[in-house]
Structure formats: structure tokens, C-alpha cells
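The structure appears right after this line, and notes come after that.
The values are calculated or read from the model by the stated rules, or taken from the named source; none is laboratory data. Just so it is clear, the model here is predicted, and its values are computed rather than measured. Cβ placement follows ideal geometry from the backbone for every residue including glycine, while neighbour counts extend to all protein chains displayed. With ligands, DNA and RNA removed, areas are computed over all heavy atoms of the protein, side chains included. Shrake-Rupley method; radii C 1.70, N 1.55, O 1.52, S 1.80 Å.
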Number of protein chains: 2
Amino acid sequence: MQRLKPSQGLSQLLLIRSQSSRISKGIIPLLSVWDGHLSSRWRSTGGHGGQKYFNNNGQKFRFALAGLLAGTGAVLAYKLHQSKVQWAASSAQLPVTSSPPVYTLEEVTKHRSLDNGVWVTYKGDVYDITEFVAMHPGGDKILLAAGGALEPYWALYAVHKEEHVLEILSEYKIGVLNPESIKRQESTDPLDPYSGEPSRHPALQINSLKPFNAEPPASVLADNYITPSAIFFKRNHLPVPKVDPETYRLEIEGLPGGVVSVTLSELKSRFPKHTITATLQCAGNRRSEMNKVKQVKGLNWGIAAISNATWSGASLREVLLHYGFTPEVAINAKHIQFEGLDKDVTGTAYGASINLNKALSEEGDVLLAYEMNGEDLPPDHGYPVRVVVPGVVGARNVKWLGRIVVSHEESKSHWQQNDYKGFSPGTDWDTVDFKSAPAIQELPIQSAITHPAEGSSVERGDEEVTIKGYAWSGGGREVVRVDVSVDGGNTWHVAKLHSSDLGRNPAPGRAWAWKLWEIDVPLPDGAQELEIVCKAVDNSYNTQPDTVGPIWNLRGVLSNAWHRVKVKVKDDQK
Amino acid sequence: MQRLKPSQGLSQLLLIRSQSSRISKGIIPLLSVWDGHLSSRWRSTGGHGGQKYFNNNGQKFRFALAGLLAGTGAVLAYKLHQSKVQWAASSAQLPVTSSPPVYTLEEVTKHRSLDNGVWVTYKGDVYDITEFVAMHPGGDKILLAAGGALEPYWALYAVHKEEHVLEILSEYKIGVLNPESIKRQESTDPLDPYSGEPSRHPALQINSLKPFNAEPPASVLADNYITPSAIFFKRNHLPVPKVDPETYRLEIEGLPGGVVSVTLSELKSRFPKHTITATLQCAGNRRSEMNKVKQVKGLNWGIAAISNATWSGASLREVLLHYGFTPEVAINAKHIQFEGLDKDVTGTAYGASINLNKALSEEGDVLLAYEMNGEDLPPDHGYPVRVVVPGVVGARNVKWLGRIVVSHEESKSHWQQNDYKGFSPGTDWDTVDFKSAPAIQELPIQSAITHPAEGSSVERGDEEVTIKGYAWSGGGREVVRVDVSVDGGNTWHVAKLHSSDLGRNPAPGRAWAWKLWEIDVPLPDGAQELEIVCKAVDNSYNTQPDTVGPIWNLRGVLSNAWHRVKVKVKDDQK
């Protein structure tokens, strides 16, 4: 991508385009070919126009453009669009309808691919954006919204909150949605314990509907250092409880003064509000890779059962000290148990516990959080109060927190005792003894590749491949390096790390948030396929194991081998 | 080893032998053959007797006996020996000399193998123990003393402090050592900065004499949960300084009250004495495995640049608080620097630093240690005072401690800034930027196999192979599992872990000591060779990488890939 890299090529391109409304053939040959096609078949009805073009040649140009445009703002797209409209107007007759056609949701839903056309809805209007897909500054990600509403996606990417974006969209309007279609989305079954579940972002890839377990598309995950709450992975064990903030009480047991009952407003007013940025990861993240070795029990998570958010709330340490925790209590107490308000049909609540010293340490940063990303916790993330135990497996970050117990023993819950533990690859369901392994608390070093996607292609002429991903380690250990290979691990390159507070190191032992990383690696001469591999190193110099097999375990947890993605290298078409 | 396992076979054997002074042919066929050989050529002169026997058949029986006897006390050896003397006396004529021959050290040194005879000295007497080697309860380890003095080895193994051991030895006396030989060992060169170095245990395998760097033989390392100080690995960067405990002063800088000077007796009397058991490991432990991938810079350590000891001294935290450390100091100070009294020719002292929060945390357990294994620190280990930073790389455990500086920056020393850091395998000496990597503090998860040795053999008829080793992780993370494979990592078995306080878990985050482990693994059907592999898991579920290549780095540090040992499976001779 030497010529077309955003850092060089795009500024050049903008300069050239400000001098001329036509794209210069000599400098951007790919775009010139593209323009020729567009101008000859612009704006046919129903989104089926350009169909033949896309089927035959579109794939290649889409990739070229996606590569060209990824990472830029909407300005360039707007300019491209404007030019296109001008050319279109001058070379073709636009059919005009007097009243807009009315579509049902079913009709819209059928149009979710370049082959069938890409339709979207926005504020009750229906748009056919098939031909805009290739110009979308965010690349192929626009296809996530295909067949449904744009709103949830635009909410993720602030760049759409610009007038010219609506102006672009208006050009693609083909009709309106009938009102019934919208209402139908809201219907629920009152007999289903899951009937009260909140609505979820349509981009989420659902691993289980009841209880709801879903992860964002891997391609979207590393777009934001702070994961928007709507696409933050959801890992529910039970139905989402409906909690009235007025009657909500947090009970605290095991302190010398007896049981304490705390209201939400007391929690907010009596204790300073602390904010941390912390990554949560499900113990089963990347379980699907273990399933490929040998079947395991559990949800088939991809690489995105991990997300990063800011969390605000009261310090658990301060709350416990306020209500009477003393060093004498610590002589017997060794654990802090948490119980959720989410219950199964027998009334058993979700439960977990953490070590007392994590909870009581000033550097532990354990929060009774009531805000996520600056807003009230969403229902899926534990409204009104959840525990955030930074550096510790998601399962201990109990949501819809109802009870805290200071205890000499761990939580007796199934999830603490007989789940969320690691075993040897040689241990099977006949031989497993859950007592023999410690409950997972801190997680090991982890990293994965979010771009490019498995099975995608790069052009040999691009000379480089841009690779992106995330890296994180448990226990507050800071990621200090990510090594990337494009030849399966024979040679390695060091990626550039990004975090929100670039240049400022987190306090030692308190690196709770992930780092995103990126690198441009030269394509090896003559390679037909790349095996892209990443592995991260934390500041205890722990690193990821090479392969999945030797860390395979019957529950499919702790899957942190090198992440591997295979990508084809395509020879340039002449 | 089903028939001959110590836990079953030996008690049987002892029972039988109490009924008869001859070994029963029917039950212990191997021993019977052995007896036959011994009785026909017992006690010829100069240790060359039995030579032919050992060359032809001895190897096999030595292995059988070493396997049989390993792990038992001296009682059985004594009984075997007694019986042997009786048989010998009844079947051969003993030559008797009136005055003992006198030998030089050179003559003794020549006899350090079964081929040339195994001679040892003890309190000025010379012994030819060639034929006792196979009966030694500690197996082949007796050969470590071959050609030299027994005293240092007997000091390691308390089991020799029994009268019957001397009785056995006396039977093998062949003469006395001339007095000059002993004195010569003590001579030194006053012009050599290393002339004042302490004497060292002869078992140590020396990687560098000046400065002195040495490790115990791997076969000995896991014999003791607490490594005897004499064979605790030595890693000196400079000559060992001679420190007078009367004039010794520890200077502390960077506290509000100005520089503090503390005497040894003040350190001992003003502060409570704390004792911890902590494993220290050199960053370069197992570097030799990296050297096999590609040459690195550094001492060619095997797997034994790691040892475990008890350490007693003042708490660094308590000392700093006593001399005026306050939370206000921590606003600017982030590091605690240490400076040794060991200096190079320019007067530059060894130096290193650790994070302030490690030093000040109650759970950090950082000691200003003046005792090792219950005695004054030996000269090689920092007499009179060293820092012990449990869970942290050896290099920060500064010996012969002269100065502590509370500072906002890390130590400026070469060893903190431009050494003891980890890099990507793709980084070479042309591209390395030492500023880009953090100084190693906590070390990653580690384990290695101490038994059997690379290149040794097991008998197919033994049916099982006994495998032993150590496992440890930095940062106080407890080792929770060791997986062992005998087929290169295809199938795995879980080893049994041993620690001194079995059954009692260390406090969370304060598991400073290693665990020794052991397992009997069935021999795979038809295997000609075993590739024995171990990997450990700590309670953050970090594990070791599969292979060395992808963690190779130009300094050869942090070598913690799976340890692999190849062992031949020999078919039983008929």
C-alpha cells in the first residue's frame, strides 16, 4: 500500500481532487476504472443496478477502495459522492417517483448483501445503499447494517453525526417503512422469563439467546479504544433481572456490626465516585479455537468476548471500611463473595467470589460500579450496580449485585466451584476433579488479530499488509510488546501499541485496560498465503503459548495460544 | 518399575534379607547376577579391580541398582555392604599392607570415573570407592565427588552423618593424602582482584570463574526443597568484596531527614527479624537452550541457575518507614535503587532498582537479609547484607548492599538500563533500543526436568519412568499444576507437587518459593525414545510457550519454553 497509504496517499489525493472534480487517471488508475463503470449505470431502481458489475469485477475494487479509505473521515467519501452525483447527472437519466414506495421489514431484511442489494432503514425511510458500500470510509463494516436500521451503527461511530452524511444518505432513498414493521420489533412474550430482556444492538453475534450471550464482530472490536456499551460483549448466565433503582438494596454481610443494607443513592452520595478504564474478558474468549482441536463444553466464543470500558462507582474497599471492616476481620475472612439479583427457576442466584486482599488493597481498584462509559449501567451490564474487579476474569465481575458477604470461604456457587477452572489437556469429564484446580481469578496474557479477517485477501501490489488487534493481560500486568509474524511464526515484527493515555504508563500493577496495536508488515516475496500470527508479552514477561492443543481443556477456558489468521495474496490483475 | 519400585520392592527386599545373608535368586534376579560378579573379583588393588566387569556389563546393572536404590536411606546400602564383605571374605584372599600408601592430589584427581577408578578423600585419607558406586543409595550422584573430597557432598546430605556410613567408607581406604596437597588448594594470588574469592563447592558447574558464576548439577538441584547454600547457584557480576561487619554501614538516601547510616547491629537489633522462603532465579537460567537456536550474549546457563532458600532479615518496608518514609515521599518517588559494595576497576558499583510499591507493600516481603538458611549470608551470597526481592529476577536482589536510594527514577546502572530486558526474536544488536523495553522485574512461569538426564536410558521392563523437576513463577504467583508428557507433548499427565508446607497454601500473591514435582509415567508401547516435556501453570493460569525460537532474544534471557529431555528406551537383555 505504499502509494495509497492514508498517511501519504490520501492527503495527495485530496489535494488533487480540490483542483478537479474528475479523478486523475494517471495517479489513481483504480478509481478511474471505477468511475467509468459508475457513470454508465448510475441509479437504477431497487438497488439491483450495477449488479453485473459487482458480480464480475466489484470484489476487486471494493477491496482496493476499502483499503484506500479505511481509517479516514467522511470528508473524502463526501467528495467522492459529490463527484459521482455530478457525473451521474451528466451521463444518465434519473427515474423520479412522485410518492415513495412503502416497504415491510421483511422486504428490507432480504437485502443484506451485494448480490441482493444492500438496503437499510433510517428514521422510517428505506435506502438502497448498494453502490455506496465501496465508497464507505469505514469499509465493509457498513454491511453489518445491511437489511436493518442504521441508527445503532451510527451511534457507535460519532463521525456520522454530520449533516453531509445525511445529505449523502438522502441520495439513496428508495421508499419508506410501514409503521407496523417497526412496532413488531418490540413485541414480547410475558410468560417467557426472558421476555423482559432489553433490546440489543443488531451487530452483536449471538452465541446464545437465552441467556443472552453475544460478542461484537471481530472487525469492529478494535475500532474504539473504549468499546461502546451497546456492542460490549454480553455474558449473561440467567435472565436479566428488572431492578427498580428506588427499592434497590445492596446487602453487606460478615462485618462486625451485622448485615448492612445500602440504597443506590446512599452508595452514590456517601462514597467518592472513582473511575477506572478496565477491560473485561470472558474465561471462554476464543473457545472456538479449542473446539477445533476437540469438542469442549461451552459457548462457542470467537475472539471478541473481551471489551474495554470506563467504569465509575464506589470503591469496594472504601465501602467495606466504612461499614466496619477492620484488620481483625481479615484474621478469619479470606474471601469476598458476591451474589447477583439474577436467579434461575429454583431461585438460585448467580454468585462468585474474589480474594479478600484484592478487594481490600488500595491498588486493587475494585469498584461497585453504577456507570459504564459515563452513563447508568445498561441492563445487560448489571443495572443498577455491578462489581468491577479489574484484571480478573469476567465471571467474578458480578452484575445486578444484590449481596456482598465477607467470608472465610469462597462462594459456594456452581460458577465458583465447578466451573471457570483450568485443567490439563489430559483431564476429561470422567477424571476431572474440580476441587483440584483453583478458581480462575487473574487471567493470562492474551492477544488477537482483528484485521485482516480469516480468509480475506491482500493484493501483492500493496507490498504491505496492515494488521491490527488487541492485547491485554490479567492482574494489572501491562502489555509491553506485541510480536507479529506473517509467516506462521518464523520471523517476527514488533507492533505499535496504542492506548488512550499514550505516553503515560499506568501505575505498576494497575494496567487494567487493553492496548490496541497495529503494524504494516511487508509482504514476503512470492508468498501465496500469509499465516498471520500475533503474541503479546506483559511486564512480567509472560507470553502466549504457541499452539492450542497443549492448553486444551474440557471447559474450553483460558484459550490464549497465538492467534493465527490465514490470508491469501492475490496477484494484481493486469 | 512395578516390581522394583522403592515403595513396594524395597520393603520386600529388606524383609527377605533379614532372613538370609544371601540375596534370593528367585525374587531379585538382577541382584543375584551382580553378587556373583562381586564375589568372584572382590577387592583387588588400586581400584582397578572389577574394571572389565564394569566395562562390559556394569553399565546395565548400575542403572538397575541406581533405579532400585534412589530415594532410600543408607540402611539398605549398609546391609548390602555387610553381606558383600561376608561373601568377599569367604571367597577371596585380601591383600594387607602394613603402612598406608601416600598419594598426591594429582593422583587422586586422575581417578574420577568408573573406567579409571573412583577415588575420593575424607579427612586426609584416600578411598577407592569404585565398587561402591553401584550400591550408593543416592545413585550416580556419588560420582560428583570423584577425584576429590567427600566432605562438601556429605555436608549437603545429612544422611551421611551416621556411624555406619564411616564404617562402610573405611572398608575402601587405600592410603593417605600427603599434607602438601591439601595446603595447595588454599593458595591465592594477591594481585588478582579475584584472589580473595571464597572457596566454592566442587560440585558447582562453573560458567565463569572471574566473576564467579556457577550452578549446581541439575541432577542434584531438586534433591532438596531448600537448596543448601553451598550449591545455591552463584551469579556474581564483579569480584566478591570483603566486608568487615564491624565497619559495615548501610546508607539510605532520598528520605526527608537526609542520608541515614545504619550499622549491621542496628539493622539486627532495631527491626524485627522476618524469615521467608524464596526462590531466586537468574534472568539467564536455561540460556543454553536459546544458544542452540542462535548464538546469544551471556553465560551459558543450564537449567540450574535457580535455587530456593530461607532468608532472614529486616523488612525493607519497616526500615524505610522507621527512617522517615511517608506517603508524601511517594508522590515523587517511584523506585528504590540498590547499590552493591562490589565494584569494577573504575570504582563503579553493581546497581539495580525495584518499583517503590513492591518495596513498600506489606505483601511485598522485601527483606534486607543477613541470614541464608539460618546462618550468616555466605560471602558469595552478599555477606553481610543483601536485598531479597521475592518474586523478582535475581539481578534486583542486590548483594553486599551498600546503599539504598529512594528515587523518582530507576537505577542508572548498566544492569538496569542496558541489560536484563526482553526483546522480540526479530530484534538484533543493530536494531535493539534498550529504552523500548522495561527492565525485567517479575519473572514468567518456569519449570524444568531434573531427572532423568538428557541422553540417559530407561529399561522397557520398568514399565514406568519416574520424572522429577522444579516449577516456579514470579510475582508471588503460585504454581498450581505441572503437565508432563513423554511423547513430545501429544499426551499429558499431571505431576504431583511438593512444597515444604504441604497442604498449606501460601497467602495469595505471596508464593515466593518453588514447588518440586514428581510423576511416574507409563512407558508408551513400543517407544524407542521418549521426548519428556514439562510445562507449568501458575494461579494466573499463565503457562510456558511451546518452543524456544519464538521467545529467542539477543541477550538470551527469559528462556522458559517447555523443557524437553530425550531418553532412550532400552529393551531388556535376556
Here, A:S500 and B:K242, labelled 7 Å along Cα→Cβ, have an inter-label distance in nm of 6.1 nm
Rounded to a whole %, the carbon-and-sulfur portion of the accessible area of the range B:446-570 at a 1.4 Å probe is 48 percent
Scalar couplings 3J(HN,Hα) for the range B:349-359 by Karplus 6.51 cos²θ - 1.76 cosθ + 1.60 (θ = phi - 60°), nearest whole Hz, x for Gly and Pro, are 8, 5, x, 6, 8, 10, 5, 4, 5, 5, 5
Interface residues of the range A:347-363, defined as losing at least 30 Å² of accessible area versus the chain alone with a 1.4 Å probe, are A:N357
Those residues in the range B:521-555 that give up at least 10 Å² of accessible surface, probe 1.4 Å, once the partner protein chains are present instead of the chain by itself are B:K535, B:N539, B:S540, B:Y541, B:N542, B:T543, B:P545, B:D546, B:T547, B:P550, B:I551
Taking the label point 7 Å from Cα along the Cα-Cβ vector, the copy-to-copy distances for A:P100, listed from shortest in nm with one decimal, are 11.1
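Name the GluC sites (Glu not before Pro) in the range B:232-290 that are in a loop by DSSP and that have at most 15 other C-beta atoms within 10 Å, would you?
Details: sites: B:E246, B:E251, B:E253, B:E266, B:E289; in loops: B:E246.
Sparse-neighbourhood loop GluC sites (Glu not before Pro): B:E246.
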With a 28 Å threshold on alpha-carbon distance, the violating pairs from A:K566/B:K566; A:K268/B:K358; B:K468/B:K568; A:K421/B:K535; B:K210/B:K273; B:K343/B:K435 are A:K566/B:K566; A:K268/B:K358; B:K210/B:K273
Length-normalised contact order of the range B:446-570, Cα under 8 Å, at least 6 apart, in percent, tallies to 36 percent
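Using a 1.4 angstrom probe on heavy atoms only, work out the carbon and sulfur share of the accessible area of the range A:249-418 in %.
Solvent-exposed carbon and sulfur of the range A:249-418 make up 49 percent of the total.
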Copies of B:N224 compared via label points 7 Å along Cα→Cβ give distances in nm, shortest first, of 6.0
Plugging the Cβ-Cβ distance of B:V345 and B:A155 into 1/(1 + (r/R0)^6) at R0 = 35 Å yields, to the nearest 0.05, a FRET efficiency of 0.50
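What do you get for chymotrypsin sites (Phe, Trp or Tyr not before Pro) in the range A:404-455 restricted to DSSP loop and a cutoff of at most 10 other Cβ within 10 Å of the site's Cβ? Show your work: numbers first, answer last.
On the way: sites: A:W415, A:Y420, A:F423, A:W429, A:F434; in loops: A:Y420, A:F423, A:W429.
Sites meeting the loop and neighbour criteria: A:W429.
Provide the per residue accessible area, probe 1.4 Å, for the range B:446-570, rounded to a whole number of square angstrom. Kindly include the intermediate steps, with their values, before the conclusion.
Values: 4160 Å² over 125 residues.
Solvent-accessible surface per residue comes out at 33 Å².
I want the local charge near B:E251. Using Cβ-Cβ distances under 13 Å, sum +1 for each Lys or Arg and -1 for each Asp or Glu among the other residues. Could you put the intermediate results ahead of the total?
On the way: positive: B:R249, B:R403; negative: B:E253, B:E266, B:E339.
Combined, the nearby Lys, Arg, Asp and Glu give -1.
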Rounded to the nearest 100 Å², the accessible area hidden between A and B, summed over both chains at a 1.4 Å probe radius, is 2800 Å²
With one decimal in nm and the nearest listed first, the spacings from B:G526 to its own position in the other copies, using label points 7 Å along Cα-to-Cβ, are 3.9
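How charged is the neighbourhood of B:S208? Take every other residue with its Cβ under 14 Å from the Cβ of B:S208, and add Lys/Arg as +1 and Asp/Glu as -1. Don't jump to the answer; show the numbers that get you there.
Numbers: positive: B:R200, B:K210, B:K234, B:R235, B:R287, B:K297; negative: B:E197, B:E215, B:D380.
Once positives and negatives cancel, what remains is +3.
When ligands, DNA and RNA are left out and all protein chains stay put, how many square angstrom of accessible area per residue does the range B:143-270 have with a 1.4 Å probe?
Values: 6400 Å² over 128 residues.
Per-residue accessible area for the range B:143-270 comes out at 50 Å².
First select every other residue whose beta carbon is under 12 angstrom from the beta carbon of B:S447; then total the charges, Lys and Arg +1, Asp and Glu -1.
+4
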On the formula 1/(1 + (r/R0)^6), with r taken between the Cβ atoms of B:I226 and B:H164 and R0 of 22 Å, the FRET efficiency rounded to 0.05 is 0.30
